[in-house]
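Q: Below you will find the structure I want to go over with you.
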Amino acid sequence: MRTMSETPTIVLTIAGFDPSSGAGVTADIKTVAAHGCYGVACITAMTVQSTAGVRRVDACDPELVADTLRELAADVKIAAVHVGMLGSGKVAEAVADFLGRTKLPNVVLDPILKSSSGAALLDRDGAKVLAAALLPLAAVVTPNVDEAAALTGLPVTNPEQMRAAAIRLHEMGAESVVVTGGHLDKAIDLLSFRTKRGVEQEVFKSERQRSNSTHGTGCAFATAMACHLALDRGLPEAVLLAKAYVSAAISKGHPLGKGIGPVHHLYRMQQQRRTGTPVPEAEQVH
């Protein structure tokens, strides 16, 4: 049990603002809280959106972003960082400069390029900065299959192509990669990481859930990963636990809004007692 004098584990999220709180910084703060950590945030972009989709995106002033990040880093000890939506090339440069200078641990990069409704959330310059500057600074990058395809230029529609895309991302500078396959017929995630023996890969499988409450799954997964890394868990365990958390958050999702509803980030608050959450199977491949 944590005493009043103990400093909580602090996780920084650098992401956009979603007024519906299904994704973005407000959703990230809920995810961080759900994992027993303390969340601090830097907003990169304002959006006009709801469960029905994204209507408008306005990137923040990059100097404001840089000042916010410097102020937070000077004040608290940050154990992990989640990088989500960046909004513009200038903001991406400010974030890359900050991370390059501070060398903060456990940086989880969620390379958000488009919303699930198809709206662009990062311009072409930003995508270049993300690939060239941010990818090598991350401890782990968590693209979905569409983002992995956009970053690598390779088709990514099945596990073999996921493995090939992960190898390409390593060649581009990524230390560790989780290609998430929630959009596939079966929910298959691929963890790929470098070791002294070379690149090792593990496949995590679970049944794909039929639900209308899936808004923010990528944000929740990446932020949960950051929390587990901040709590000194290894990569495979972090993937397993983050995947199980997102699966439960989908199954207990809110019937909210007229479009795609949010996952239930704080579902554990409504549980009278801890119940076992189905854990995906892990399969190691070399």
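Q: Among what's in region 136-192 and is among the charged types (D, E, K, R) and under 20 Å from residue 224 (Cβ atoms), pick the residue that is most open to solvent (accessible area, probe 1.4 Å).
A: Top of the filtered list is 175.
Q: Within region 127-148, count every residue that is within 17 Å of the chain's Cα centre (by Cα) and free of Cβ contacts under 8 Å to residues at least 60 places away in the same chain.
A: Here the count works out to 14.
Q: Surrounded by fewer than 24 Cβ atoms within 10 Å (Cβ to Cβ) and out of contact with any Phe, Trp or Tyr (no Cβ under 6 Å at 6 or more places or on another chain), is that true of residue 127?
A: Yes.
Q: Further question: Go through region 1-101 and tell me which strands (runs of 3 or more DSSP E), entirely inside it, have 3 or more residues that are open to solvent by 10 Å² or more (accessible area, probe 1.4 Å).
A: By residue number, 38-50, 53-59.
The values are calculated or read from the model by the stated rules, or taken from the named source; none is laboratory data. Since the model is a prediction, treat every value here as computed from it, not as a measurement. Quick reminder, even Gly has a Cβ in these numbers, built from the backbone with ideal geometry, and neighbours come from all protein chains shown. The area values use the complete protein model at the heavy-atom level, side chains included, leaving out ligands, DNA and RNA. Shrake-Rupley method; radii C 1.70, N 1.55, O 1.52, S 1.80 Å.
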